[in-house]
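First up is the structure itself, then whatever we jot down about it.
The values are calculated or read from the model by the stated rules, or taken from the named source; none is laboratory data. Because the structure is predicted, anything quoted here is derived from the model rather than measured. Note that we place each Cβ from the backbone using ideal geometry, even for glycine, and neighbour counts take in every protein chain shown. In case anyone asks, the SASA skips ligands and DNA or RNA and just uses the protein heavy atoms, side chains included. Shrake-Rupley method; radii C 1.70, N 1.55, O 1.52, S 1.80 Å.
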Amino acid sequence: MKKVFLLTTFAFLIAFSYSQETYNITYKQLKDYEGLYEYQNNATLKIAISPKDSIMYAIINESKYKLSPVEKDLFIDMTKTKVQFFRNKKNKIAGYYYAGKDTFNLLSTKVAFPKTMWYPRYNVPKNYKYSYQQPKNDNDGLQTGNIKNASLDTALLNEMMRKILDGTYPNVHSVLIIKDGKLVFEEYFYEYNKTKLHELRSATKSYISALAGIAIDKGYIKSVKEKILTYFPEYTFRNNLNAKNQISIENLLTNQSGLDCDVYNPKAVGNESIMAYENDWIQYSLDLPMKDSAGGIGQYCSSNPIILGRIIEKATKMTVPEFARQTLFKDLGINNFIWNFKPNKSSAETFCQVNLTPRDMAKFGLLYLNNGVWNDKQVISKEWVEQSLAKHSILAGLDYGYLWWTKYLDAEGVRYYGKLAQGNGGQKIYIFKELNLVTVITAGHYNMQSSSNEINAKYILPAFNKK
């Protein structure tokens, strides 16, 4: 299923149509498909049926992707691509074909799926009323406070909780709010809690940006004006070499490398779902033709931060995770993380992303809110933070900094501009400097519209509207 379940934002817009009417299938019939199956790159996936709504999901790692029935044994994924199951001589499910060509076998039907994974809070009574509790101080460097002192509207947050718990906003995994430097709201759902790591997806890009800034602060990298090809003397690249010689580190940070790999352009030559299964992502990326000159139009291209991560490794003589461990994560008190930064097909399903707890995500947002200072220590230079959050390019009609977005949210007629690290599925770290506010939301809305922005706009930001 070549990267089907890890495609980035807008992949779900790929056009495809079926003439069949909606195919009805019972929960009992769907249970026949449950099990552990082969998957791309010698990996596996699970097929599970939710007892809550009788929906079939493909589960890779901990990410769930909806499969919709079309006819007997035929389903479509979020990109409208066919997933055709086949049966053995005993009429039992034996595997599936993906896109009519790739064949994957059923490995086992003995797979357990706990009921708690399907419900925001399992066994919550119908008359349940949310009762606020101040987040606990875990001595992790994050101060906590009471929401009563935070200018937030408890009635709005109660309503938000009700709608998350009743399924109006499904698959929200956590909501955290930091106001005036203190964590005042912290709630987890489904099987998530304060110690469980969560995928960040493309929000990882903002961490790569931070590490680049630290590498410059420490003198490993001279400046953002350095040309990137000087870091890869062992390679021979194809296509528009003279133009590629002009690509700078800053061009990678602002997604203005000029490489033809725009995620939002289906006609782009570069495609991250193809790159995912390449032996060398650096070779693949820098072999791409140039669509524009370096520093020209902004194109949201996952190759850019991958190349930048490899440059950080070459400059520091450390892996990206190790450099993070010794600098950024050490200073923020982050010890619990997973980061497999290997830009080759071994990362096809994880795409070099970092996994963190939402609390540690919140620390990162607070660090940028405070101009790079954490507990009186300048972790990242103020100048780098300011440059990172400033406008350098425009992507998809939005202002873009150094692998950070600028987005606005409208809350009851008031427009709020925030700085944003975001990833597919609804992983969002919002910074609202004028409000001295950081919000963190993690979710499982992979390859579909996330409710994260709506939650911010309807239940958190309205409390700050001027009456």
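For Lys82, are the conditions met, namely being among the charged types (D, E, K, R), crowded, with 16+ Cβ neighbours inside 10 Å and more than 21 Å from the chain's Cα centre (by Cα)? Reasoning before the result, please.
Values: among the charged types (D, E, K, R): yes; crowded, with 16+ Cβ neighbours inside 10 Å: yes; more than 21 Å from the chain's Cα centre (by Cα): yes.
Criteria met by Lys82.
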Subject >> helices (runs of 4 or more DSSP H) lying entirely in segment 312-390 (those with 3 or more residues that are in contact (Cβ under 8 Å) with a residue 60 or more places away in the chain, within 19 Å of the chain's Cα centre (by Cα) and more than 30 Å from Asn271 (Cβ to Cβ)) >> reply: 358-369
**OP:** Looking only at segment 149-190, count how many residues are part of a helix (DSSP H, G or I) and open to solvent by less than 20 Å² (accessible area, probe 1.4 Å).
**Re:** 4
Subject >> Some residue of segment 89-98 being of a type in the set (Val, Ile, Thr) and either closer than 30 Å to Lys363 by Cα or crowded, with 16+ Cβ neighbours inside 10 Å (or both) >> reply: yes
**OP:** Answer with yes or no whether Leu45 is among the hydrophobic types (A, V, I, L, M, F, W, C), buried (at least 17 other Cβ atoms within 10 Å of the Cβ) and more than 24 Å from the chain's Cα centre (by Cα).
**Re:** no
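For segment 433-448, check the following and say yes or no: at least one residue is polar (S, T, N, Q), in a strand (DSSP E or B) and either over 23 Å from Gly167 (Cα atoms) or modelled with pLDDT under 95 (or both).
No, segment 433-448 contains no residue that is polar (S, T, N, Q), in a strand (DSSP E or B) and either over 23 Å from Gly167 (Cα atoms) or modelled with pLDDT under 95 (or both).
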**OP:** Quick one: which residue in Thr144, Thr81 is farther than 18 Å from Asn456 by Cβ and in contact with an Asp or Glu (Cβ under 9 Å, 6 or more places away or on another chain)?
**Re:** Thr144
Subject >> segment 447-458 residues that are farther than 22 Å from Asp153 by Cβ, paired with ones that are open to solvent by less than 20 Å² (accessible area, probe 1.4 Å) and in a helix (DSSP H, G or I) (beta carbon under 9 Å, 6 or more apart) >> reply: Asn447/Val4; Asn447/Phe5; Asn447/Leu6; Asn447/Ala11
Original post:
Which one of these does Tyr402 not meet: (1) of a type outside the set (A, V, I, L, M, F, W, C); (2) part of a loop (DSSP other than H, G, I, E, B); (3) free of Cβ contacts under 8 Å to residues at least 24 places away in the same chain?
Top reply: (3)
Original post:
Which of (1) surrounded by 12 or more Cβ atoms within 10 Å (Cβ to Cβ); (2) without any contact (Cβ under 8 Å) to a residue 40 or more places away in the chain; (3) farther than 30 Å from Leu332 by Cβ does Asn146 not meet, given it meets every other one?
Top reply: (3)
